[in-house]
Amino acid sequence: MADNIRWGLDNPHPFSKMKTELIWEGKYDEYGNRRAVDVAGSAMPLQKIETVDQPRSEAAASGQIELFEKENKRLDDFRNMLIWGDNKLVMASLLKDFKGKIDLIYIDPPFDVGADFTMSVPIGDEKETVEKDQSVLEMVAYRDMWGKGTDSYLHMMYGRLVLMRELLSENGSIYVHCDWRVNSHLRCLLDEIFGAANCINEIIWKRRSGILAQSRQYGASTDTILFYSKTSEYTFHSPLSKKGAEDYIAERFKYVDQNERRYRLSPIVSPSYSSSLIYEYKGYKPPMKGWSCSKKTMEMWDREGKLVFPKDKNRRIQRKQYLDEWKGRPIQTFWDSIPPINPQAIERLGFATQKPEALLERVIKVSSNEGDLVADFFCGSGTTGAVAEKLGRRWIMADLGRFAIHTSRKRLIDVQRNLYKDDKPYRSFDVYNLGRYERQWWQKERLQGADKEHRRVVMEFYRAEPLPNAAGLLHGRKGPAFVHVDGIDSIFTRDELRAVVKAAREAGAKEIHCLAWEFEMDLRLVCHELEAAEGVKIKLIPIPREIMEKNRKNPPPFLEVAVLEAEPVYRSKAGKTLTPALSQRERETTVDIKLTKFLPSLAEVPSKELEVLKERAIKSGFDFIDFLAVDFDWHEGKPFEHHWQDYRTRRDRSLKTVSTLGYDKYPKKGEYTACVKVIDVFGCDTSITVDIKV
């Protein structure tokens, strides 16, 4: 029947009415309606888990805190934010406070479908390294990103770019870093979201040079950076350079005035339309898009004798630009003067996708002002935040990977220290995550709110067999062991552990596996006592966040919690051994913390290396510690405060396992709690509490 339909002027074919549009699976629903980005359903409270002001901590350690508070250059107008979590959820959560307030966004999202993100990380004091996989969460997210090829990548990026546009200020702009694999697709997305008229530039960065290996294609030596604005009123400071400009100077600066000053004639034409630049000056009509300066500036140049007025008023006014005042030629869209990071460079952190600071310095200087808010939602090694901090900008960064957050944290602490040492201003920063709210969102969206369904999903991934009619504390079996799955909103506590172990013993079990999203601190220490008393072997196993990933099929590894033990070290202020014979003044004490044991979980070690590294970890677990921090006056429910810390760097692999602060700021004698945080070389953190008596 359709073959007999005649298309023509009176009956146009449907295709003749279609506009140019990039379509991918998931863009429209089953009824042909455009799928909206779910902002309200994705928004959730951010949890502040750490506060970091390293110079202040060091001043406290040296007893100069009062002097620090009087003379420090810390800016207290804003606390920068480093956020661990899915950037879609992070951005949706930021909208409440930051909608229309971010002045510049730079992102470097994954764009290589076949990328291998395995990297070498150093362990111990020597030059030994071990391979680190992506975290399973990153791996699954990346696989989901490319699960349906370009369709799923575009669907993922579209939702995130829409949120970024909402966060940008009216003067804001965005730089999207990509390569030949996805640049054409991303440009179509950006045209649709920001408008083709707001495409400012396509920048080509030459990131590699020299002879490339022979193959049946040309060597790829460039990346693309797509530069878009939100409106025509975007911030832009023309970048200038004198490098390699000798021929340019000889060709352009060919005029000499009566004072022997060389100059050139420069047009005063705006590259883009702005109504504020449309005005007539001394009878000369403005160019179609307006002059490139305000009327006030034009009058100033006129007074200084820097304008040339042609006799024919239909021609344009030109400006004299003197060579001795010339700051350089405008940088074009081909950036070949910024090399990739040298393997020996101080800024090199060994992060697979790390970009040079010079690249971000150009972007941030051109498209923001001092004090502006800069964001990067695929922050990787933290280059954007590091450069923004050095240039006096505020910043927000987010990443899905623990290792990225850990690398960025260390890097920003170094920036704080260096700025303080050079007597330059800096801002403190806080570390956030989405915590249990992310799980609540998953429970509501995917599990229809049922905790029973949550336990079923967890046991399915754990490959445990559910117990029929399980109503008590025992929910399943795995081999000879019983399995307990804690609630989705719960923290697994000492009391729960005792009840679960008792129930397992009464059921005749010799082993119990306790799976939970969060465990009470120091719970591993209680296990020894219960194992001896009840005769039941206990395994504490964190539930991997990876099971929350949509369309997840294969189980992620379920590994036991890391083991961390520490004890207080008391010293007298006089440096003497504490004895009853000492005077009251001599008996006043300072407190430090000494690590006594650490056994990492090895969650992100490639399986081929797992057995060897297990032996190494048992023999010398401290070699796997990358970062150690202590909060000497920790309170449950409050963010961890960095009173003291030490960490390994590429150039200095040593690590103190006893703090050197000599903390003495407790308000009165009594009992207090210190919290010790250890981050291993894979970016996984473990915390315990230590009882303090002063």
- Item | Number of Lys pairs (Cα under 17 Å; 8 or more positions apart or on different chains) in the range 495-556 | 5
- Sorted by average packing, counted as other Cβ atoms within 10 angstrom per residue and highest first, what order do 477-485, 654-662 take? 477-485, 654-662
- Query: Within the range 313-382, how many Lys pairs sit with Cα atoms under 28 Å apart, leaving out pairs fewer than 8 places apart on the same chain?
  - Reply: 4
- Task: Quickly rank 15-28, 407-420, 498-511 as a protection proxy: mean count of other C-beta atoms within 10 Å, highest first.
- Result: 407-420, 498-511, 15-28
- Determine the shape class of the range 306-446: with a ≥ b ≥ c the square roots of the Cα gyration tensor eigenvalues, call it rounded for a/c under 1.5, and otherwise prolate if a/b is greater than b/c, oblate otherwise. prolate
- Please give the calculated 222 nm ellipticity per residue for the chain, where each DSSP H segment of at least 4 residues contributes -39500 (n - 2.57) and the sum is spread over every residue; nearest 500 deg cm²/dmol? -8000 deg cm²/dmol
- Residues whose modelled amide H sits under 5 Å from the amide H of Ser241, counting only those 5 or more places away in sequence or on another chain, are Arg329, Ile331
- Task: Would you mind pulling out the separation of the Cα centroids of the range 358-405 and the range 648-694, in Å?
- Result: 29 Å
- Starting from the Cα gyration tensor of the range 262-339, take the square roots of the eigenvalues, sort them a ≥ b ≥ c, and report rounded, prolate or oblate (rounded when a/c is under 1.5, otherwise prolate if a/b is larger than b/c, else oblate). oblate
- Pull out a ≥ b ≥ c, the square roots of the eigenvalues of the alpha-carbon gyration tensor of the range 172-309, then state rounded if a/c is under 1.5, prolate if not and a/b is larger than b/c, and oblate in the remaining case. oblate
- Query: Between Glu299 and His13, how many nm apart are label points set 7 Å from Cα along the C-beta direction?
  - Reply: 6.2 nm
- Item | Crossing angle, helix 136-145 versus the chain [Cα axis fit, 0-90 degrees, rounded to tens] | 40 degrees
- Query: Going by alpha carbons, how many degrees (0 to 90, nearest 10) lie between the helix axis of 494-506 and the longest principal axis of the chain?
  - Reply: 50 degrees
- Identify which of the listed values of Cα Rg over 2.2 N^0.38 Å was calculated from the structure shown: [x] 1.16; [y] 1.06; [z] 0.97. [x]
- When only C-alpha pairs under 8 Å and at least 6 residues apart count, what is the relative contact order of the range 180-337, in percent? 25 percent
- Message: Explain nothing, just the number: relative contact order of the chain, from Cα pairs under 8 Å at least 6 residues apart, as a whole percent.
- Response: 15 percent
- Under 20 Å from the Cα of Lys127, which lysines turn up, not counting those fewer than eight places away in the same chain? Lys410, Lys614, Lys619, Lys656
- Once both axes come from the Cα atoms, what is the angle between helix 607-619 and the longest principal axis of the chain, in degrees from 0 to 90, rounded to 10? 60 degrees
- Query: Measuring from label point to label point, each 7 Å out along Cα→Cβ, what is the Leu467 to Asp336 span in nm?
  - Reply: 7.2 nm
- Considering only DSSP beta bridges where both residues belong to the chain, give the percentage that are antiparallel (nearest 5). 65 percent
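Readers should treat all values here as calculations from the given coordinates under stated rules, not as data from a laboratory. From a predicted model like this one, the values you see are computed outputs, not experimental measurements. Quick reminder, even Gly has a Cβ in these numbers, built from the backbone with ideal geometry, and neighbours come from all protein chains shown.
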